[in-house]
Amino acid sequence: MWSWDAFFSILTSRQLLEGAWVTIWLTVVSMVLGLILAVVVAAARSSRFAPFRAVAGFYVWLMRGTPLLVQLVIIYTGLPQVGIKLGVIEAALLGLVLNEAAYLSEIVRSGLMSVPAGQTEAARALGMSPAKVFRVVVLPQAMRVMIPPLGNSFNGLLKTTTLVSVISVQELLRRTQFLVQVNFRVLEGLCAAALYFLVLTTLWGLIQKMLEARVGRGYDRNYRRKGVDRKALEDSAVEAEAVNR
């Protein structure tokens, strides 16, 4: 029978709190490193050089076409057979980063491609350096497109970290399994772990909404805010396009 005492005991146990912390930092580090690698892959896929495009395309095809669980097992148990031995944390991070970067690269690439080429050309015609064009013109508009799918990817990664338990990483699910083996309370333990994930994903959902609101400022209905002249902004854009012509 269900035991509330066992449920709250597991829910508030130090082991589960430590496992939740491992899940959080593993997700954050994997997302940051994956995003950095994704930018490199997206740039390679947009390169003029065919070999770069081919290598990046093959990487995305391979990582997206095979299960993450299989990739983790290959990294942790297969690489030692060719002389590359990694610890559980290193293997987990490598697997998560490589897999996540393949998906994030498509988000980054689509976000950058969503910015009209005419705006970039107009900014260059006005004398902006390539770095300034990217920072002032391209990146703000691309971020508005990328933030929602990037946020969803982070949400998914929070739950995907449970897969690293198969290579003995002491994250939330692995700690729950240990507690279940000790207390013999399977349902209570799994429900406690599920509640942790529910809280984490809910908190991230709130953060994501704030990020989307921030990067969306100055667009759509915000044109009507006091002090913002939409016609003046549109006229400026027309002038920039005219200079380009």
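The values are calculated or read from the model by the stated rules, or taken from the named source; none is laboratory data. Since the model is a prediction, treat every value here as computed from it, not as a measurement. Glycine gets a Cβ as well: all are built from the backbone with ideal geometry, and neighbour counts include every protein chain shown. Calculation scope for accessible area: heavy atoms of the full protein, side chains included, ligands and nucleic acids excluded. Shrake-Rupley method; radii C 1.70, N 1.55, O 1.52, S 1.80 Å.
Considering only segment 1-28, state which residues are among the β-branched types (Val, Ile, Thr), closer than 27 Å to GLY151 by Cα and either in a loop (DSSP other than H, G, I, E, B) or free of Cβ contacts under 8 Å to residues at least 60 places away in the same chain (or both). Across segment 1-28, the qualifying residue is only VAL28. Residue count for segment 145-161 satisfying the condition of being farther than 10 Å from VAL108 by Cα and in contact (Cβ under 8 Å) with a residue 60 or more places away in the chain: 8.
Conditions (1) under 20 Å from LEU157 (Cβ atoms); (2) open to solvent by 70 Å² or more (accessible area, probe 1.4 Å); (3) assigned to a helix (DSSP H, G or I), marked per residue:
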| position | (1), (2), (3) |
| --- | --- |
| GLY34 | yes, no, yes |
| VAL41 | yes, no, yes |
| ALA44 | no, no, yes |
| TRP61 | no, yes, yes |
| GLN71 | yes, no, yes |
| TYR76 | yes, yes, yes |
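Would you check if there is a residue in segment 142-151 being of a type in the set (D, E, K, R) and closer than 25 Å to ALA213 by Cβ? Looking for residues that are of a type in the set (D, E, K, R) and closer than 25 Å to ALA213 by Cβ, one finds at least one in segment 142-151, hence yes. Screening segment 215-226 for residues that are surrounded by 11 or more Cβ atoms within 10 Å (Cβ to Cβ) and part of a helix (DSSP H, G or I) and picking the one that is modelled with the lowest pLDDT gives TYR223.
Okay, residues lined up against (1) open to solvent by less than 40 Å² (accessible area, probe 1.4 Å); (2) part of a helix (DSSP H, G or I); (3) in contact (Cβ under 8 Å) with a residue 12 or more places away in the chain:
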site: GLU106; (1), (2), (3): no, yes, yes
site: ARG109; (1), (2), (3): no, yes, yes
site: VAL115; (1), (2), (3): yes, no, yes
site: GLN119; (1), (2), (3): no, yes, yes
site: ALA122; (1), (2), (3): yes, yes, yes
site: GLY127; (1), (2), (3): no, no, no
site: ARG135; (1), (2), (3): no, yes, no
site: VAL138; (1), (2), (3): yes, yes, yes
site: MET143; (1), (2), (3): no, yes, yes
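Taken over segment 78-104, residues that are over 19 Å from ASN155 (Cα atoms) and touching a residue at least 24 places away in the same chain (Cβ under 8 Å) amount to 3. Could you please find all residues in segment 104-135 being among the aliphatic types (A, V, I, L, M) and under 18 Å from VAL39 (Cβ atoms)? Residues satisfying the conditions are LEU104, ILE107, VAL108, LEU112, MET113, VAL115, ALA131, VAL133.
Each residue in segment 1-24 was checked for being touching a helix residue (DSSP H, G or I) at 6+ places or on another chain (Cβ under 6 Å), under 20 Å from THR162 (Cα atoms) and among the small types (Gly, Ala, Ser), and 2 of them qualify.
Looking at this structure, is TRP4 under 23 Å from the mean Cα position of the chain (by Cα), surrounded by fewer than 17 Cβ atoms within 10 Å (Cβ to Cβ) and of a type in the set (Phe, Trp, Tyr)? No, not satisfied. Pick from segment 147-205 the residues that are assigned to a helix (DSSP H, G or I) and among the aromatic types (Phe, Trp, Tyr): which of them is most open to solvent (accessible area, probe 1.4 Å)? Going through the qualifying residues, I end up with PHE178. The set of residues from segment 7-32 being among the aliphatic types (A, V, I, L, M), open to solvent by less than 70 Å² (accessible area, probe 1.4 Å) and either touching a Phe, Trp or Tyr at 6+ places or on another chain (Cβ under 9 Å) or modelled with pLDDT of 95 or more (or both) comprises LEU11, LEU16, ALA20, VAL22, ILE24, LEU26, VAL28, VAL29, MET31.
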